[in-house]
Amino acid sequence: MDSTVSFKKYRFADTMLEYTVAGMAIFDAQELRLLEANTPYVNFVATIRAAQNESPFVPGTSLLECEDSEGGRRIVSICRAVIASKQTHYEKEEQYVSAQGETTYWSWTLTPILDEQGNVTHIVQTLSDVTAQVEARQQAEEARQQLSRANEVLEKERRRLEVVETVARWVRETLDATRIGQIAMEIIETNFDTITACIHTAQPEQRVFKLLCASHPHGPAPESLKSMDYMPYEQLGLTKGVLTQRDPIVVEDLQSAAEEGRLSRQSPLVRLGTHGYVCVPLWFGDQLEGTMVASFRSPVSCSGPEVHALVGMGTHIAAALAHARLHATIEKERTRLRAVLDQLPEGILIAETSGGAISYANPAAAHILGIASEEIARIPLHRHSWLRSGIETTREGRPLPPWNFIAIRALSGETFTGKETTVMQPDGRRVVTLASCAPLYSERGLMTGAVIVLQDVTAQKTLEQHKNEFFSIANHELRTPITVIQGFAEILQLRVSQDHSFDKLTLYALTNIVEQSHHLTHLIEEMLDISRIEQTQFKLDYTPCNLLSLLKGVFDSQSGVSRLHHFIFQLEGVQETDIIPAYLDEQRIMQVFNNLINNAIKYSTRGSTIEIGLKHVAERPQEALIWVKDEGIGIASEDIPHIFKRFHRARNVDRSHSGFGIGLYLVKEVVSQHRGRVWVDSCEGEGSTFYVTLPLAVSI
Ligand code: ADP
């Protein structure tokens, strides 16, 4: 600004100065007398001076007159400095308080006005009201401070979440409890100023907390803490609340607690100089997994970041410890189960649905299959070798299925018990097994695999074969001599009966020889039949016949021979003269009826009734029902399921009842081969009724 310019040159200068918002005044440089001032200036000075109980400062007054006040002295000294330096003085945002207590802020300048020689002739003072800017800035500053305080809180929360998140991330996939503890200790050491920290696991059976791991960032673990390795529930002091409560136990300052007598001064943690103390109970569901304790160098607050972070960490550590504990239990059970399976004499295989391979094979299975356990698991089920032309056969003569076929069927959800199968070992050796298998399901009911049990029956099978061979050879060898004996005995019997010179004993002896050799022939025939059945050579010779006349024939011959019982022939739905057409092996069916009637005679007392019946009704035209009913010794209920098995004799038979236990076995074989059924209704001591159904010609 050219300070020599006179405002008076301009026509509107006064008006403009009057209406400007800034205050302006001009002083002469010699006496610092106010020469002229605009209204804003006058008003401002009046307000300030009124606040200090001073009279208004009007043009003509010199600043020197105000030197008795501190403000006056200051302005005079600044004016002198401006005159001396010829430099403008700036004063920024000075605060003024009015008499009414209203605060305003003003920026002002003192500018020297120079004459042509460069001497300061006047001083111009300007005043601008900057209250609005200052207040806006102050508000902004306050808002900034508030923001930074909020940021601080957020930052603390972020740190806490970061700690919790770190714990969660690290322990999530760890199933080893010790490792979980170590991770927690490392995180506590890194993030907090602790003196000690530790995790104890709860052992509810022993009612004790056991130290899992501890951290002592400032040196080795002090001896005094050794007593905390095992803490019986009954001896818990400060932490006994953890057994029931879920909130953390916080002691803000252990030292002051000790001073106030709330805690023993001898407590190991107090002696270590610990201040803050936090114990977080580690609950997972209803299970207390343990405790996590941290002691700090400084006091802590219940709502402080340490407590929040430790509580957050505790949730994840409790879950991880629970998973680790369950995993350890499952592993232990699995090891025990494996140990049991490994010892079993039966071969056990576990096949998995995914991949269709064997995931477990016990040593017995490896032995049966002739492959090492590890090897079995590597070969998919369908790749195991098997016999294309089955040499081993079932009793019915069908080739035995290979074991892996059974396993594959088990994987498709089928269940088998005791199914004969063959195993072809890599060296070509064949093993006959009884395979049982069942699918395995997950908790959600999804099929995950199958268990296959193999029982090596090669030895039994070979033994059985040898026995059958022996039977068949023995029978053939016995048949010839017995036929000769029987033949000669019959010739002799004929002679003796015609020649009266022989005594009664000779006749009796010969009759007995004939009878017993008949009995023996019958027995040998039955034995031969068994061999034939075993060797699948039991062939039937079907011919069309009348079932009714066949049964009547058997009835007549039996009732004619045995006069010691009362025989009844009963018909239902048919007349004695009717023809019931059937397509049967007549000899075998006669053998069936004879066996049943012989048993009825054998197992009932003289004079009792034996009923032989036939029922053929229009409702069931395709089959006939035949029964043989006696009033004999009956069969106990526990024997009934077994009497059709080979060589089985009920417990209530004694030596007086001759027999081998093969008659009913043959009956069942013959009837089933005719596609009929046989069963018994019996009550011990009350008699038995054997039923046989046979299909008739229409359905054959
Ligand atoms: P066996 O009569 O030679 O012993 P079976 O095979 O004919 O052989 O019969 C098997 C068993 O069934 C007999 O030992 C006997 O215990 C029982 N049993 C068969 N029929 C009768 C019956 N009518 N009454 C009582 N028990 C019988």
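Which of the residues belonging to segment 180-216 are open to solvent by less than 80 Å² (accessible area, probe 1.4 Å) and more than 27 Å from Gln235 (Cβ to Cβ)? If the condition is that a residue be open to solvent by less than 80 Å² (accessible area, probe 1.4 Å) and more than 27 Å from Gln235 (Cβ to Cβ), then Ile183, Ile187, Asn191, Phe192, Asp193 are the ones that fit.
Can you pull out the strands (runs of 3 or more DSSP E) entirely within segment 278-382 that have at least 1 residues that are outside the structural domain of Val167 (by TED's automatic domain parsing)? Ranges flagged: 347-352, 358-361. Checked against (1) open to solvent by 60 Å² or more (accessible area, probe 1.4 Å); (2) of a type in the set (S, T, N, Q); (3) free of Cβ contacts under 8 Å to residues at least 24 places away in the same chain, Ser69 passes all but a single condition, namely (1). When Thr433, Thr462, Thr417, Thr422 are checked against the criterion of being at pLDDT below 90, of a type in the set (Ser, Thr, Tyr) and not in a strand (DSSP E or B), a single residue qualifies: Thr462.
Restricting attention to segment 630-646, the residues being loosely packed, with under 13 Cβ neighbours inside 10 Å and near the ligand (Cβ under 8 Å from one of its atoms) number 0.
Across segment 593-610, a minimum of one residue is classified as open to solvent by less than 70 Å² (accessible area, probe 1.4 Å), at pLDDT 95 or above, in contact with a Lys or Arg (Cβ under 8 Å, 6 or more places away or on another chain) and within 26 Å of Leu523 (Cα to Cα). Consider segment 664-694. How many of its residues are farther than 22 Å from Gly634 by Cβ, open to solvent by 20 Å² or more (accessible area, probe 1.4 Å) and not in a loop (DSSP other than H, G, I, E, B)? Total satisfying the criteria: 3.
In the list Gly449, Gly445, which residue meets the criterion of being touching an Asp or Glu at 6+ places or on another chain (Cβ under 7 Å) and either open to solvent by 90 Å² or more (accessible area, probe 1.4 Å) or in the same structural domain as Asn362 (by TED's automatic domain parsing) (or both)?
Numbers: Gly445 fails: touching an Asp or Glu at 6+ places or on another chain (Cβ under 7 Å).
Exactly one residue qualifies, and that residue is Gly449.
Of the residues that make up segment 651-659, is at least one touching a His at 6+ places or on another chain (Cβ under 9 Å), in contact (Cβ under 8 Å) with a residue 24 or more places away in the chain and on the phi < 0 side of the Ramachandran plot?
Going through segment 651-659, the residues touching a His at 6+ places or on another chain (Cβ under 9 Å) turn out to be 658.
Those left that are additionally in contact (Cβ under 8 Å) with a residue 24 or more places away in the chain: 658.
Filter once more, so that each one left must be on the phi < 0 side of the Ramachandran plot: 658.
Scanning segment 651-659, I find at least one residue that is touching a His at 6+ places or on another chain (Cβ under 9 Å), in contact (Cβ under 8 Å) with a residue 24 or more places away in the chain and on the phi < 0 side of the Ramachandran plot, so the answer is yes.
Can you tell me which residues in segment 568-610 are within 21 Å of Leu664 (Cβ to Cβ) and away from the ligand (no atom under 12 Å from the Cβ)? Scanning segment 568-610 gives Leu584, Asp585, Glu586, Gln587, Arg588, Ile589, Met590, Phe593. Against the condition more than 8 Å from the ligand (Cβ to nearest atom) and in a loop (DSSP other than H, G, I, E, B), how does Ser656 come out, does it pass? Taking the combined requirement at face value, the residue satisfies it.
Out of all the residues in segment 508-518, which are farther than 17 Å from Leu478 by Cα and either among the small types (Gly, Ala, Ser) or open to solvent by less than 70 Å² (accessible area, probe 1.4 Å) (or both)? Across segment 508-518, the qualifying residues are Ala509, Leu510, Thr511, Asn512. If you check every pair at least six apart or on different chains, which have Cβ atoms under 8 Å apart with a residue in segment 430-442 that is in contact (Cβ under 8 Å) with a residue 24 or more places away in the chain and open to solvent by 50 Å² or more (accessible area, probe 1.4 Å) first and a residue that is hydroxyl-bearing (Ser, Thr, Tyr) and not in a strand (DSSP E or B) second? Filtered contacts from segment 430-442: Arg430/Thr458.
The values are calculated or read from the model by the stated rules, or taken from the named source; none is laboratory data. Since the model is a prediction, treat every value here as computed from it, not as a measurement. Cβ atoms come from the backbone with ideal geometry, glycine included; neighbour counts cover every protein chain shown. All accessible areas refer to the heavy atoms of the entire protein, side chains included, with ligands and DNA or RNA removed. Shrake-Rupley method; radii C 1.70, N 1.55, O 1.52, S 1.80 Å.
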